[in-house]
Structures are given as structure tokens and as C-alpha cells.
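Data first, discussion second: the structure below is written as C-alpha cells.
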Amino acid sequence: MSITANDHALLAQGHHKQSFVTRWLMSTNHKDIGTLYICMAFIGGCVGGVLSMIMRQQLMYPHNDIITNGNTWNAIITAHGLIMIFWFVMPALIGGMGNWFVPIMIGAPDMAFPRLNNMSFWFLVAGFIFVLLGLFLDKGTGAGWTLYPPLDNAQYSPGVATDFSLFSLHLAGISSLLGAINFIATILNMRAPGMTMHKMPLFCWAILVTAFLLLLAIPVLAGAVTMLIMDRNFGTSFFEPSGGGDPVLFQHLFWFFGHPEVYIMILPAFGIISHVVSTFSKKPIFGYLGMAYAMVIIGFVGFVVWAHHMFVSAISTDSKIYFEVATLIIAVPTGIKVFSWIATMWGGSIEFKTPMLWALGFIFLFVIGGATGVVLANAGLDQELHNDYFLVAHFHYVLSMGAAFAIFAGFYFWIGKMSGHQYPEFWGKVHFWTFFIGVNLTFFPMHFLGLAGMPRRYPDYADAFAGWNYVSSIGSIISGVSTLVFFYVIWRVFTSKEKLADNYWGEGATTLEWAIPSPAPHHTFEDVPIIR
Amino acid sequence: MNNNAGRSIMKRRDVSALRLTGLLVLTAIFLVQAHGAWAQSSAPNPTAAANQYVDAPHDWQMWFPAAGSPMQARIDWLMKYVLWIMAGVVGFVALLMGYVMVRFRASRNPKASKTTHNTLIEIVWIVVPCLILVAIIVPSINLIYYEADTGNPYMTVTVTGHQWYWEYKYNSVPGLDYTSYMIPDDEIKPGEIRRLSVDHPMVLPVGKKIRFVITSADVLHGFYLPSLGVQKYAIPGTELTSWTTITKPGTYYGQCNQICGLGHDSMPIEIKAVPMKDYLAWTKQALANYTQNDARPPLSSPMPRNQLADATP
């Protein structure tokens, strides 16, 4: 591959000048759509983050009066969960970074179906509007992000808010489904000559496995949501005991989607962390094939463990044992990944740039979240821990710290490639350390609250829980301030005049995106690159 | 020496007996004068024994509540077992990361190695985690079977979740079926716990195996008793069972642990565990004082107090 300086200028301009509307509203370019997804994730993350700040302020003191109505509280927790999952983590990792870098990494000129790609994005925006309507209309959707009936059926949640929230899942689901089809078609068919599956960068493997998970899980969610909408509006009784239905059926369907969804959020994060760790250790990834197939195994086993979310629901004793054992098995491929990251660093020449700090933070905190996951997988212990703050701590350690740390790692790693300007190193590190302290202070005390028996989704609690709740709320304020530092970093990036080299990370960065200019030109590969 | 000591004890006993008699006489006079109070306290409170030990959450609590049942004791043990193993894993990973970050930082190790494979170590980090999992799974499965063993109970209480109160039906005491509401924040009296105390607690005998049949009349609820190690969803149209044996007279608390609408945080569970004799006395008193719940109280907010249960005999 050789791209001359002259070509750079030509590529950067694109073939013709596009108007703003043509470029951003009718985009068919994977990088522009990736950018749109990242903007969506930014907005979603801000809205979800503000909701979490409101909740932590309410919980700062017992008998607090910021939110006095249980319906408002339930609407906020529901919207926080849905928005953070579908409009922050997923668009950032899959739609955003996946769109931006999967075609580049495999040497493809664009995604397989560019117009489908655009459609995926705008479905997601429509879904976001719907989920906000679900938050603000009427009394809001107050069933929690798991949307268990009968609480969200027509009798207990009258009004249109719940319908909007349910439809928002349809829209986000279609968006994800089309995106998944696009990624699978792209990765399987559009790899450059020489880019065999077993040479493909781990981020592409991660997105490929994620896409298959989406392809198989989203239709089940769509089915469950459709049945709920039918129950609500057309008098069916899929989940209505008085009509011969069963609310437990919904729990099975929801978690058959919901558990793979957890891996949908974390597998792309694994991919990003692999790249960052390898780059800043200046070493190729250790045990590449083990890393790739560990993700495949996690994806596969992730489909057969769903009922560990239902250990205290209607489920037989022997099923509990099966689901416990199957769940624990996931610890093995996850262990392969963690130890391989450490082995990648072993013998390396590690530079502690901001993306590497986020990656190291990710590995450590994800291991803590994984350890509490092993605890929760024990059905016998889950009888005590189910739905209490120990669980809240666990899933925030793997998501709020796992997935979010990976998103920030990817942001600092690739922002130079995406924008053409480097982030300020000092402020990046300030952002990392304040966020690291903030989220740990927020979520670690929740383990204690859970052990003491505080249930989740409570706007007010017994006075004995006040101490750790106060600490947790202080932590959330620190995380909030840290996010302001992040805003400043973004401002610095976009006001920077600095020009960046193609490969600004040096010898450790070996994937194809580092062979093209920074920022990446509008059309990446005029000629098909040959991978040796 | 011995005799002297014995005599002095006798003396002390005499003195305290005198004082006690005096106190009793004074109390009797007081009670006779305060006629209304006398009438009320003539029926002794059969759940008084439960007030001596209160197993409620405490400030800055960092571990499970004190185990009130053998099941919770087992959960506590397994939790410590699993958590220590996992703490070992986290500590090991932290040590490795710490070592790598110090030993292989760029300033100390400027030239990176190119090692990308080591079959032995890759096998080790598959096999060792598998062995750790086996060590966890064996005691864990035992606990699952123990928790599931609801057979041969001394008595059964049918627990029904409602928006937003609990209903307790004693299957072995025909007609004993009453509701239990949280005491609203502005009506909390000294000795009660805000957000945990209820107007009519569930009363159970200690040392007997009690089976809970848990269901719901409307939406999902969660019957969650952390100090007894019991938790099950209350699902409309489905009956789930769990069990407990309370070892010590005392007051135990629980809360609704599955989102159920605007009063989700306002339907705690309070259990008074008393000796069998007191329990039997309580069932008589309760049967006389609580009328059977055959109508649903209004669901409006603010929360209605338990008027059905408080109806005159």
C-alpha cells in the first residue's frame, strides 16, 4: 500500500463537495455514520448520566424530597437503564467505533450496505425520541428496564408512556438488527485480499461475534415486546394469568435476549482493550487465536445461561443447578482474556498514555465485577443477593466501569484518527483519575448496602442505610465533575491546530487504520490494500 | 467463709425482694387508678418476647445481617467461602498487573519482547479456573438443595403481595388472614424503625419449620427476608414456596424486592418470632381481633392504614 501526499489531499476532500444535509442526514459513508452514532452516544450518555445524578442526589439522604413520587422515581430508573444500554453503550461501541474502524481494519472501502447503515442510525434516533416520550409523557414508564409484566400491562400502567417505551425498543432493536446484518455481511465478504479470518484484528472479531448475538437475540426481544404491546392494546393475554398466560414467560423471553445483551455490550469493549493493550505494550496480542475463540465461546455460552436472572422466580431446583454451572463456565473464557491481556503486557515496553490507563482500569475493575458475578451465579447465594445493591454494584462494575472505561479507552485511542487532532494528555489523565476515583466511590459501597439487605429501585430507605448511600452519592458527584473534564478535553480536541502523523502511536500500532492519514480520508481505500 | 458469703447473698436477696414487692404494690395502685390503661394491659402482649432481640440493619453495616435461621447461616458460610476465593483471584490479578506495570514500563524495559505464545501457560489458565469452579460448585449445589427442601413443615403461611402491602394467611389457623402495612413516616413512634416497621407483623413460633407459599394478587413483588435467607418473587397466578426455621425469639425484617409500582419501597415485612406458647396465645388474640380479609382495601395514596385488621371483634 502506498498513499502519496498528493492523494491525501484528494482523499480528504472526497470526490465532490457535499452539503451539510446531504452529508449528515443522508449519509452513506461509514465514517460519517460512525460519527453520528458517537454523537448519539454522547447525547444518550449525557441524558442517562444526568438521570443517574438525580437518583444519587435523591438517595444521598434518607427521607429526601427531591423526588417525592414513586412513579417519577420509577420512570427515571427505567429511562436510565434503557438509555444507558441502547443509546449510550451500544451506539458508542458497535454503531460508533464499529462503523468507524471495522471496514478500515479489514481493508474494505465501506460497509456492505451503506444505505442500510444510514437507516440503522435514524431508527435509533427515532427510538431515542420515543424513549424520552416514555419518560416524560403521563406518569412515565415505571416498570424498570426489564419491563416485567403485569406491572407494565394496561391495568397497572395505563396511558401511552409505556407504549412509547416499548416501541422505542422495537426501533432500537431494528436499528441493531440491521446494523448486525451489515457487520456480518461486511466482515464475511469484504475483507481485503490476504485478510483471512485468522489474521483479522480482534476488534473485528469482537464486532462479528456481537453482530451474531444481536442477530439471534433481538428478534426474541422483539417478540416479547410485541406480545406485551398486544396484551396492552389488543386484549391478548400472553402474560396475563387470568387469561391463561404467564408473567414468567416474559421473564424467560426477556432474559433470553437480555443476557446475550450483556455480552453485546462487553465484547466490543474486549476488542478495544486488546488493541490498546497491544499498542501501548508495543507487543502483538498474546494468544491471538485463544482471544478470538474465547469471544466466540462467551457468545455461545452467553445464550444458554439466561435463567440465572430468575433464580428467585418460578424455576425448578434442577434448572437452577444447570443455569448456575453454565454461568460459572463463562468465567473460564473470560479468564483466558484477562490473563492474555496481562501476558501481552508481560515483556512489553509499556507506555502509560491515557488510553492505556483506561484499559488497565478496565481490566482491574472488570475482574472485580467478574468476581462478584461468580458470587451471584451461585443460585443459593442469589436467594440472598438477588435484586439488592450487591447486584447493582456488580453490573455497574462490568458496565459503568467495564463498558464505559472501554468506550473512553477507544475515544482517547482513536480520536486523533477520527478528528485529526490529538487530545491533551494531561487533561486526559485528569479525566481518568477523577473518573476512576468517582465511580469506585460510587459503586464499591453498594456492595455493603446489598449485603446489609437494601433492595434496588427504592427512592427512600431505612435510616441505617444512610451512611454508605451518602458516600456513594459523593462518588457520583466526583464522576459528574470528571465528566466536565471530559467535555473540556473534547473542546480542546476540536480547537486544536495540531496536525497528526498517520501512525501517531508508533511501532505498537499495527492495524490498518494506522496506515491511512489522520483524520481518515472520506474514502479510505481507493485501491484495494493487499495484506501480506 | 462459705457460710458468711451465703448469708450476705441471702440478705441481698431479701432486700431486693422487698424492693420488688414495693414496686409491684406501687404499680398495682397506679394501674388501678389509671383505669383505662388497666383494661388494655390486662391482655398481655403475646409478642413481647420478640422485642428483646431486633435483627435490623445497622449504620455502616458491611456484611450480612446476623443469621436468624440455619439457612442464612449456611448462606453466610458459602458467601464467605466464595468471596474469599474470588478475593484471592482479584488479588492475584492485581499482583500480576502491579508487577507488569512496574517491571515492564517503557523506561525500565525499552525493548519489548515478541513472545505471543506459550502453550503450557495457556493450558494452566484454563485448567486452574476450572478446578476453582469445581471447588465452588460442590458446596453451592448442596445449598440449592437445602434451600429447596420445603417438605414436612410444622405450619404454612400463605404470603400474598398486594400494591402496596402484604397479606398473611395462616393455613393451619382457619380464618386467620390479615394485612400488614408499613407505618407511614409521620406516624413512627419510638422503638419503631422508619421504613421497616409495620402495623401488624407476621408472628411465627421459633424452632419450627415454617413453609411460605408466596403469590401475588396484582403485579410482581419480592418476598425478601435477608436475615433469614429467604427470597422469592410473588407472581400472580403462580405459587412459589420457601421455608425458614427461626432459631431465636426476636424481630426480623424484610422488604419488597421486585419493582411493583409507586409504593415499591413502602411495603416492608416484619416478623415477630416468639416461643410456641406465646405464638398460640397470639393466634387466639389475633383470631378475636382480626377479621378475615375478603375485600381489598382502596389502593389510593396516601397509604390507607389497616382498617380491616383493626376492626372490632
Among the candidates A:P158, A:P150, single out the residue that is in contact with a strand residue (DSSP E or B) (Cβ under 7 Å, 6 or more places away or on another chain) and within 26 Å of B:L262 (Cβ to Cβ). A:P150
Being surrounded by 16 or more Cβ atoms within 10 Å (Cβ to Cβ), free of Cβ contacts under 8 Å to residues at least 60 places away in the same chain and not polar (S, T, N, Q) narrows A:W505, A:W468 down to just A:W468
Condition check: more than 25 Å from A:L214 (Cβ to Cβ) and at the interface with chain B (Cβ under 8 Å from one of its Cβ atoms). Does A:K320 satisfy that? yes
Go through A:F435, A:F426, A:F408, A:F413 for me and flag whichever is more than 14 Å from chain B (Cβ to nearest Cβ), assigned to a helix (DSSP H, G or I) and free of Cβ contacts under 8 Å to residues at least 24 places away in the same chain. A:F426
Out of B:P46, B:P65, B:P70, I need the residue that is at pLDDT 95 or above, more than 12 Å from chain A (Cβ to nearest Cβ) and under 29 Å from B:P249 (Cα atoms). Which one? B:P70
Checked A:I33, A:I43, A:I54 against criteria (of a type in the set (A, V, I, L, M, F, W, C), surrounded by fewer than 18 Cβ atoms within 10 Å (Cβ to Cβ) and closer than 21 Å to A:A126 by Cβ); the one match is A:I43
For B:G222, are the conditions met, namely being within 13 Å of another protein chain (Cβ to nearest Cβ) and part of a strand (DSSP E or B)? yes
Would it be correct to say that A:F395 is in a helix (DSSP H, G or I) and buried (at least 24 other Cβ atoms within 10 Å of the Cβ)? no
With respect to B:P110, is the statement that it is within 18 Å of the chain's Cα centre (by Cα), at pLDDT 90 or above and not small (G, A, S) true? no
Name every residue in region A:229-260 that is within 14 Å of another protein chain (Cβ to nearest Cβ), under 29 Å from the mean Cα position of the chain (by Cα) and closer than 23 Å to A:A172 by Cβ, in order of residue number. A:L249, A:F250, A:Q251, A:H252, A:F254, A:W255
Quick test of your reading of the structure: A:G70 fulfils all but one of (1) buried (at least 21 other Cβ atoms within 10 Å of the Cβ); (2) at pLDDT 95 or above; (3) small (G, A, S). Name the failing condition by number. (2)
Considering only residues of region A:444-465 that are aromatic (F, W, Y), assigned to a helix (DSSP H, G or I) and within 29 Å of the chain's Cα centre (by Cα), which is farthest from the other protein chains (Cβ to nearest Cβ)? A:F444
Going by the conditions given, is A:V332 under 23 Å from A:Y148 (Cα atoms), surrounded by fewer than 24 Cβ atoms within 10 Å (Cβ to Cβ) and at pLDDT 95 or above? no
Scope region B:77-102; condition charged (D, E, K, R) and surrounded by 18 or more Cβ atoms within 10 Å (Cβ to Cβ); matching residues: none
Right, B:V89: within 12 Å of chain A (Cβ to nearest Cβ), farther than 20 Å from A:S313 by Cα, more than 31 Å from the chain's Cα centre (by Cα) and outside any strand (DSSP E or B) or not? yes
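The values are calculated or read from the model by the stated rules, or taken from the named source; none is laboratory data. Keep in mind that this is a model prediction, so the values were computed, not measured. Cβ atoms come from the backbone with ideal geometry, glycine included; neighbour counts cover every protein chain shown.
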